[in-house]
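Visitor: First the structure, then my questions, so here it is.
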Amino acid sequence: MSTVVDGHDSVIETESVRFADVNGDGRDDLCYALGGVVRCHYRDIPSGSPDACEFDANYLETEFNFHLVAGLDHSTTIGVSDLNQDNRLDVCARGPDGIHCSKNYQNATFYSPYRWTTRFSDAEGWDEESKYSTLKYVDVDGDGRTDVCGREDEGIRCLFSNGYWFIDGGIVTEHGDFSNSDLTAWTNWGSSPTHYETIDFADIDDDGDLDVCGRGRHGIYCALFDYPTRTFEKETRWVSNQFLDAYGWNQEPYGTTIQFGDINGDGAADVCGRGGANIYCGVANVTQSRFDGADQGAASIAFPYWDGWNAENRYDTIVMTDADGDGLQDMCGRGYAGIYCAFSESTIFGGISFTDPTSTIVSTFGDNGSWHTREQFWGSVQPASVNSNPADSEFCGVGWAGVYCSQ
Ligand SMILES: [Ca+2]
Ligand SMILES: [Ca+2]
Ligand SMILES: [Ca+2]
Ligand SMILES: [Ca+2]
């Protein structure tokens, strides 16, 4: 336990907390907002107990010319990522007039932030939850420089980093894909978090760039990235036998849990989501442009509604992460007695298989420790890599007295 963010007592503040390896030593550091400042504490490695949760009392910080904790439309848009491919993490945040970023100088200081784009402004509606919640810092074109993408009424907008600013190429999806009037998916993507919250950027064809996928009314739709034009190809339906409105996925305890990642180790991102009594996953079949196997439950039972997993303080914490470090993405969530994981045992030839999450892997963060009582507690629980094994993930969260991390 570390007390460096003691005093963070609102959801807006805890939503600013980021665990990221700012200085490149293989362990995640702790960043968070205080007023207009983003402050980062490096992970300490105490001698004798190298996995104890300690962050250095000293910090690096950078001050923006707007308030980061004035609203969720700012605090949730803080990104800690490498904008210029120097393997040092930089800091960005959405202000009222666009996105501002501050570059890391040799892990010794942050340069003063400046505006990298006038897009994503309040004037363009990005102070609305259905827009700012889709903002992601991702290296879409795979050139090593982190780009920024989000969904607006007309579709997906991505701006590409050149190391100095974000280049605006306009809407990068075709013919209304992912828009409010998507006639391919028959979906208004801004109408429900079970659509817009599921939109993510993942490499579903294993060619090194990130493609875009999300849940429409009738299944999962994806569009492959086209590197030469820096745009996405026409979207197609990748899952038609699961994740449909008609199967109940328009309800938030199910639809908002859909995520993309590689569960079988072939390099291509797959899709998983939590249903009423089980998780459902489809594995990418690149040649057929579809995710296979999503009609069958992936475990025998996982995160069932009758065990309390329809409470927002549980289902909203369900996350895809490689918790055991075997290279396969698992599905984990915060429940009664701590963190529960369904571990992927899927193989390229053996189909989709997950263990049943019947016991905890981490005994902190449970309802029995009062983590369910306030959103600033349960909403802050997230995977991080803070111990001596960089392959697996630990869990960290902001509790009553500061930051807690598992070992
Ligand atoms: Ca890039
Ligand atoms: Ca790709
Ligand atoms: Ca895969
Ligand atoms: Ca795993």
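Every number here is computed from the coordinates shown, using simple stated rules; none is lab data. Keep in mind it's a predicted model, so treat the numbers as computed, not measured. Cβ atoms come from the backbone with ideal geometry, glycine included; neighbour counts cover every protein chain shown.
Visitor: Within the stretch 365-379, can one find any residue that is of a type outside the set (A, V, I, L, M), touching a Pro at 6+ places or on another chain (Cβ under 9 Å) and in contact (Cβ under 8 Å) with a residue 40 or more places away in the chain?
Guide: no
Visitor: May I pose another question? Out of the residues in the stretch 165-175 meeting the condition of being in contact (Cβ under 8 Å) with a residue 60 or more places away in the chain and within 13 Å of ligand 1 (Cβ to nearest atom), tell me which one is nearest to Tyr221 (Cα to Cα).
Guide: Val172
Visitor: Against the condition surrounded by 24 or more Cβ atoms within 10 Å (Cβ to Cβ), in contact with a helix residue (DSSP H, G or I) (Cβ under 9 Å, 6 or more places away or on another chain) and within 24 Å of Trp186 (Cα to Cα), how does Gly216 come out, does it pass?
Guide: yes
Visitor: While we're here: Identify, please: which residue in the stretch 198-216 is over 19 Å from Gln288 (Cα atoms) and not in a strand (DSSP E or B) and is, among those, farthest from ligand 1 (Cβ to nearest atom)?
Guide: Thr198
Visitor: Among the listed residues Ser344, Ser359, which satisfies the condition of being without any contact (Cβ under 8 Å) to a residue 24 or more places away in the chain and either polar (S, T, N, Q) or over 30 Å from Asp292 (Cβ atoms) (or both)?
Guide: That would be Ser359, the only listed residue that is without any contact (Cβ under 8 Å) to a residue 24 or more places away in the chain and either polar (S, T, N, Q) or over 30 Å from Asp292 (Cβ atoms) (or both).
Visitor: For residues in the stretch 309-332 being away from ligand 3 (no atom under 16 Å from the Cβ) and of a type in the set (S, T, N, Q), which is surrounded by the most Cβ atoms within 10 Å (Cβ to Cβ)?
Guide: Thr317
Visitor: So, one more: Looking at (1) within 14 Å of ligand 2 (Cβ to nearest atom); (2) touching a Phe, Trp or Tyr at 6+ places or on another chain (Cβ under 7 Å); (3) assigned to a strand (DSSP E or B); (4) closer than 30 Å to Asn104 by Cβ, can you tell me which one Ile167 breaks?
Guide: Against the list (1) within 14 Å of ligand 2 (Cβ to nearest atom); (2) touching a Phe, Trp or Tyr at 6+ places or on another chain (Cβ under 7 Å); (3) assigned to a strand (DSSP E or B); (4) closer than 30 Å to Asn104 by Cβ, Ile167 comes up short only on (1).
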